[in-house]
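Okay, structure first, notes after.
The values are calculated or read from the model by the stated rules, or taken from the named source; none is laboratory data. Note that the structure is predicted; figures quoted are calculated from it, not measured. Because the Cβ atoms are built from the backbone with ideal geometry, glycine has one as well, and the counts that use them run over all protein chains shown. Remember, those area values only see protein heavy atoms, side chains included, never the ligands or the DNA or RNA. Shrake-Rupley method; radii C 1.70, N 1.55, O 1.52, S 1.80 Å.
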Amino acid sequence: MKTSKKISLLLITIMSFLFILLITNVIYNFRNYGLKSIENKAKVVAEVVKHSLTSHMVNGVIENRKIFLDQIGRLENINDIWLVRSPIIIKQYGQGLNNETLRDSIDQKVLDTAQEQTVIDEHFFGASMYRVTIPYISSSKGLIDCIACHDSKEGDVLGAISITMSMDDLKEVGISTATNTAVIALILTLLILFIINRVINPFLILFDAINNVMKRAHDGDYSQRLDVNTSKEGEEVSQWINSFLDKLQNTLKDIEKEISVFLSNKTALSDDPLINVNTAVSNLSYVYKFRKTIEHDEKLEDIYKRISYVLENRLNIKNYNILEANKNTGEITVIYQSNKLHCNPFECCRANRTNTITNSMQFNEICNNSKEKDTEYLCIPYTISHDVDLIISITAPTKDALNKIRENIPIIDDYINTAKPEIVSKKLMYILEKSARTDSLTGLYNRKFLEESVETIVSQSTRGKIPYGILMVDIDFFKMVNDTYGHDVGDEAIRVIAQTLKENIRTSDVAIRYGGEEFMILLYNCTEEYVVQVAEKIRIAFSQKEITKNNVSFRKTISIGASIFPTHTANFWECVKYADISLYDAKHTGRNKVVLFSKELLKDGNINENY
């Protein structure tokens, strides 16, 4: 039902109720007023009769009272009037006239109780009567002393007067008044309804139109417009609302269009564009905060931790692994692992090979490397750069759980696409830093790395009282190799000795290309015996290596000088010099040997404390 009809029905109901209430009140009040008027008139008549009878008695004409009573009974609206003597008066004066005897129980009750009695015989159609029976009470007070003339006591009932009066005139006036009031009230009611309809109805029509448009907007349809011109004010309101809806609809379309550029999910999640825009803005905000955060992360590992945080806390994915695939070598590395691997990706990863999503629900046993048959899995590959791919491997206990995860793939895409530039940047920085600190020919650390690491080495050694063995290694007669076979063969000799060093030291030890054909080895936490042992091991291993290049094959030897930091000196660079002096001694005492530093090697005090 429209609002205008509801309001009209409500107003008619209220006005009808007020109309009935008004008429009822008029009839009720008029009736009470009429009854009160008749009662007062009857009491006046009764009092007049009382005083007149007293006068008749005093003047000795009491026998003529019938004439007086008949004249009173002929007054307008008085139908009948009669007197009743009490037993006290009858005993003193006799029965009296014929009409002065008891007529009914009402007369008797008044004589017995000395209480006034009223009877109303009311009929809407037909005659209506009002009767009142009033007792005459004996009293010696006032102007008339009843006790002086009657054998009675104070308060005795001497008699009663009954008067019946017609109520028809009063009823006719009441009906006429009520009818006139009803007509006037009905006219006023209709006039009020007409005015209300003329004034309020246009606004009610406008309200219904607004309600319909807002309901459609609440359901996501912002295309509805108001078409109300019932009044000037209604037309203005319609224009304002229509203008607002135009702006809202166009703004939502523009925002949705602009945001879709930055987000992968182009599918509307709801029929309401406002909800879709709110969801998109929320996702874009999260992605923007993620991007601003990873821009200031120093390490690639930090970025992968951020991605893991998003998967776990934003998307509620608990069982997943992040793998990195090197396109050049085919090597796959586990970057982040929250759960055990459900497959063996190191042999052959289907998602990485096909560069498409591998979904266990797509086909039974779609991945041959899967080890858990009762687990659903989803492997999503991402191309990060020409050299690196990223695979996010997710597992779920049921198909329903995996389907829920699949719905979040566009969100995962947004975060990975956002992280791509930073991953590439961090990878490049790592390569640049590694290039700056490593030798391109041998892959060993270079002298720059040593210079940057000295402070850490010294602090670690001092704090933990950890000795470092320093080996200075040099190829014997290396210049002859370059001069005889060329620099490419010399480079091959450098690579062979670098490989020999790697093969004969621990992972905690560090091999450095110190310059040209000279190498340094830092042996972590070692004794003099161990230093000499490792040096001899390296020397022998290299002497047995064949250096083959350009159809040339030969063997070479090396000389090694050793010192121990801080055993020989607390100055690191001075200890390096001691190892270099030992190497010099090995060169000049026959080569192809190991010499451990001793104070006897110092000549002429050529090493000072500031070295």
Flagged in the range 593-611 as of a type in the set (D, E, K, R) and at pLDDT below 90, in numbering order, are K599, E600, K603, D604, E609
Pairing a residue in the range 66-78 that is closer than 11 Å to T164 by Cα with any residue that is at pLDDT below 75 and aromatic (F, W, Y), where Cβ atoms lie under 8 Å and the two sit 6 or more apart in sequence or on different chains, gives none
Restricting attention to the range 537-555, the residues that are assigned to a helix (DSSP H, G or I) and open to solvent by 60 Å² or more (accessible area, probe 1.4 Å) number exactly 2
The correct count of residues that are in a helix (DSSP H, G or I) and touching a residue at least 60 places away in the same chain (Cβ under 8 Å) in the range 142-170 is 3
Every listed condition ((1) outside any loop (DSSP other than H, G, I, E, B); (2) touching a Lys or Arg at 6+ places or on another chain (Cβ under 9 Å)) holds for Y309 save (2)
Residue match in the range 484-497 (condition: open to solvent by 70 Å² or more (accessible area, probe 1.4 Å), β-branched (V, I, T) and at pLDDT below 90)
yes
Note on the range 442-483: residues of a type in the set (S, T, Y) and either in a helix (DSSP H, G or I) or open to solvent by 30 Å² or more (accessible area, probe 1.4 Å) (or both) are Y445, S453, T456, S459, S461, T462
Taking the range 556-568 and keeping only residues that are farther than 16 Å from K593 by Cβ and either free of Cβ contacts under 8 Å to residues at least 40 places away in the same chain or surrounded by 24 or more Cβ atoms within 10 Å (Cβ to Cβ) (or both), one is left with F565, H568
Residues in the range 80-99 that are out of contact with any helix residue (DSSP H, G or I) (no Cβ under 6 Å at 6 or more places or on another chain) and buried (at least 18 other Cβ atoms within 10 Å of the Cβ) total 2
Within the range 173-230, the residues that are small (G, A, S), closer than 19 Å to I27 by Cα and either open to solvent by 30 Å² or more (accessible area, probe 1.4 Å) or modelled with pLDDT of 75 or more (or both) are S176, A178, A182, A185
Residues of the range 577-602 being in contact with a helix residue (DSSP H, G or I) (Cβ under 9 Å, 6 or more places away or on another chain), among the charged types (D, E, K, R) and in a helix (DSSP H, G or I), in sequence order, are D585
N32 vs (1) at pLDDT 75 or above; (2) more than 60 Å from the chain's Cα centre (by Cα); (3) surrounded by 13 or more Cβ atoms within 10 Å (Cβ to Cβ): all pass except (3)
Expected output for the range 437-461 (first residue within 23 Å of T527 (Cβ to Cβ), partner of a type in the set (S, T, Y), Cβ below 8 Å, 6+ apart or cross-chain) is L450/Y514; I457/Y468; S461/Y468
Those residues of the range 103-127 which are open to solvent by 50 Å² or more (accessible area, probe 1.4 Å) and either under 15 Å from D80 (Cβ atoms) or under 60 Å from the mean Cα position of the chain (by Cα) (or both) amount to R103, D104, V119, D121, A127
Of the listed residues (V84, V26, V48), the one being touching a residue at least 12 places away in the same chain (Cβ under 8 Å), β-branched (V, I, T), at negative phi and touching a Leu at 6+ places or on another chain (Cβ under 8 Å) is V84
